[in-house]
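Inspection log for the structure reproduced underneath, given as structure tokens.
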Amino acid sequence: MWHSIPLTFYWFTYFGSLGIFYPYFTLYLRENAGLSGTQVGLVLAISPLIGMMAQPFWGQVADRTGARTRVLAFLTLGTALGYIGLGRADGFIQICLATSALAIVGTAVFPMMTAVSLAILRDAGRHAFGRVRAWGTIGYFILIIVFPWTLTSYQPVSTASQPSAQVSEPALGLMFSFAAALVALAAAVAFLMPSKGAVALRAERGDWHELLRNRAFLRFLAFSLVAHFLMHGPMWLFPIFIRSRGGDLTTIRNMWILMLLVEIPLVFLTGSGLKRLGARGLLTVGVTIGGLRWLLSASIADPTIFFAVQALHGITVVGLNLGSPLYLDTVAPEKLRSTAQGILSMIGSGLAGILSNFTSGWLVDHGGTGLLYFISGAGSLTLGILSVWILPAVGMRDDVSAQVSLAKETLT
């Protein structure tokens, strides 16, 4: 459908910016900004802390106004400006303040883009979301490859101005300008997205209380809290883990290439996995395999085997990061889609992220990276096994019932 074209391009460009920022931000904080492990953990905890308030707030704004695509465009534009500010911050305090400003809008982008995507693609079949989402991974993959090449060409100028044996990539600060440019492009694309139909459903005052009475929703939030606590910090600190094993920026890039080469086809096949396993099955597989990945990473010394183990990342992404919004979409009312996704991010990326980032930073300083990944792996493996008892089984949203509900809500 034509309206999926701007949606696909949005995922491509926005995730392209994450391919620049996400893999290298902790390395930048540790080496270029000179922060300690605990300070890195504190900086990483800021975004989820701010997100706990910002995500449900923006979700309610979108659901109450029905202007979900316009809210998404505003948040995306604000994120581009936030990257520029963060790139100019110098020192721990300034970085904390700039990270806080970025988090006010940036933390709400992903749950909002997920809610908008599910609304726009509601009648496009179970494969539609996975196919659109896969283009985000492709954008991430391309920038993972291109950005280090750009740094290499810029390196001579940067090295002359910032010589340091402690810094492996002196020009790494360019990541903020490149990310800001891509996010600004995504913001422009957001204005081309549909603004009518399911994406424009409005909730009434107090409707969000329905979520508090939804047992499946509440049990899923508890599961997400623990899952993201065990996954969030280790994923952010993964570049530091690689450096502790003797790797450099090229090693980090190559591992991400492997992970994404596995992830892309799996994301495209999300619809098939959803048909066979259901959303709960995707979550179970994702968390269990994620735990196995961390356990093996902590235990294996051979660099070749360690490298190969990172291919399990793709299964975790599809299981947890795609299974979560799909599971949530079956248990939350459509008119509360943005609020539900915002609350999920508040709990998963917010509360769990704060606890996980700070705990992970502390463990790196006091126990080493190996201990962090062993604990996270054992915990995730256990949670994955228990997930079939924690999460109620749910089916896909009934298209006929959804259409009747949409007709009624559009008339009111």
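The values are calculated or read from the model by the stated rules, or taken from the named source; none is laboratory data. Fair warning: this is a prediction, and the values are worked out from it, not measured in the lab. Using ideal geometry, Cβ is built from the backbone for each residue, glycine included, and neighbour counts are taken over all protein chains shown.
When you scan segment 329-357, how many residues do you find that are aliphatic (A, V, I, L, M) and more than 28 Å from Tyr373 (Cα to Cα)? First the steps, then the outcome.
Of the residues in segment 329-357, the ones aliphatic (A, V, I, L, M) are 331-332, 336, 340, 343-344, 346-347, 351-352, 354-355.
Right, trim to more than 28 Å from Tyr373 (Cα to Cα) and you get 331-332, 336, 340.
Residues meeting the conditions: 4.
Using the structure shown, decide if Leu363 is closer than 17 Å to Thr26 by Cα, out of contact with any Lys or Arg (no Cβ under 6 Å at 6 or more places or on another chain) and free of Cβ contacts under 8 Å to residues at least 24 places away in the same chain.
yes
Looking at segment 79-92, is at least one residue without any contact (Cβ under 8 Å) to a residue 60 or more places away in the chain and under 28 Å from Gly197 (Cα atoms)?
Within segment 79-92 (the criterion being without any contact (Cβ under 8 Å) to a residue 60 or more places away in the chain and under 28 Å from Gly197 (Cα atoms)), the answer is no, since none of the residues qualifies.
When you go through Thr316, Thr251 one by one, which is the residue that is closer than 24 Å to Tyr24 by Cβ, of a type outside the set (A, V, I, L, M, F, W, C) and within 17 Å of the chain's Cα centre (by Cα)? If you could, list the steps in order and put the result at the bottom.
Values: Thr251 fails: within 17 Å of the chain's Cα centre (by Cα).
Of the residues listed, the single one that is closer than 24 Å to Tyr24 by Cβ, of a type outside the set (A, V, I, L, M, F, W, C) and within 17 Å of the chain's Cα centre (by Cα) is Thr316.
Taking the stated definitions as given, is Ile84 at pLDDT 90 or above, farther than 21 Å from Arg243 by Cα, over 18 Å from the mean Cα position of the chain (by Cα) and not polar (S, T, N, Q)?
Details: at pLDDT 90 or above: yes; farther than 21 Å from Arg243 by Cα: yes; over 18 Å from the mean Cα position of the chain (by Cα): yes; not polar (S, T, N, Q): yes.
Yes, satisfied.
Which condition does Trp236 not pass, out of (1) of a type outside the set (D, E, K, R); (2) closer than 12 Å to Gly348 by Cβ; (3) surrounded by 19 or more Cβ atoms within 10 Å (Cβ to Cβ), if it passes all the others?
Every listed condition holds for Trp236 apart from (2).
Counting only residues that are in contact with a Lys or Arg (Cβ under 6 Å, 6 or more places away or on another chain) and among the small types (Gly, Ala, Ser), which one in segment 177-216 is modelled with the lowest pLDDT? Walk me through it before giving the result.
Of the residues in segment 177-216, the ones in contact with a Lys or Arg (Cβ under 6 Å, 6 or more places away or on another chain) are 198-199, 201, 203.
Going one step further and asking which of them are among the small types (Gly, Ala, Ser), we end up with 198, 203.
Numbers: Ala198: 70, Ala203: 74.
Among those that are in contact with a Lys or Arg (Cβ under 6 Å, 6 or more places away or on another chain) and among the small types (Gly, Ala, Ser), it is Ala198.
Considering only segment 372-412, state which residues are polar (S, T, N, Q) and at pLDDT 90 or above.
Ser376, Ser380, Thr382, Ser387
Could you list all residues from segment 3-27 that are at pLDDT below 90 and polar (S, T, N, Q)?
Listed by number, the residues that qualify are Ser4, Thr26.
So, in segment 269-296, exactly how many residues are more than 24 Å from Gly370 (Cα to Cα) and either crowded, with 19+ Cβ neighbours inside 10 Å or modelled with pLDDT of 80 or more (or both)? So that I can check it myself, show each step before the final result.
The initial filter retains those residues of segment 269-296 that are more than 24 Å from Gly370 (Cα to Cα), namely 269-284.
Among the residues that remain, those that are also either crowded, with 19+ Cβ neighbours inside 10 Å or modelled with pLDDT of 80 or more (or both) are: 270, 273-274, 278-284.
So the count comes out to 10.
Hey, could you check segment 199-209 for residues that are small (Gly, Ala, Ser) and in contact with a Ser or Thr (Cβ under 9 Å, 6 or more places away or on another chain) and say which is surrounded by the fewest Cβ atoms within 10 Å (Cβ to Cβ)?
Residue satisfying both the conditions and the ranking: Ala200.
How about segment 291-388: which helices (runs of 4 or more DSSP H) wholly inside it have at least 2 residues that are within 16 Å of Leu225 (Cα to Cα) and of a type outside the set (Asp, Glu)?
Ranges flagged: 323-331, 337-345, 352-366.
Could you check how many residues of segment 23-40 are of a type outside the set (A, V, I, L, M, F, W, C) and either under 23 Å from Val146 (Cα atoms) or in contact with a Ser or Thr (Cβ under 6 Å, 6 or more places away or on another chain) (or both)?
Selection size over segment 23-40: 7.
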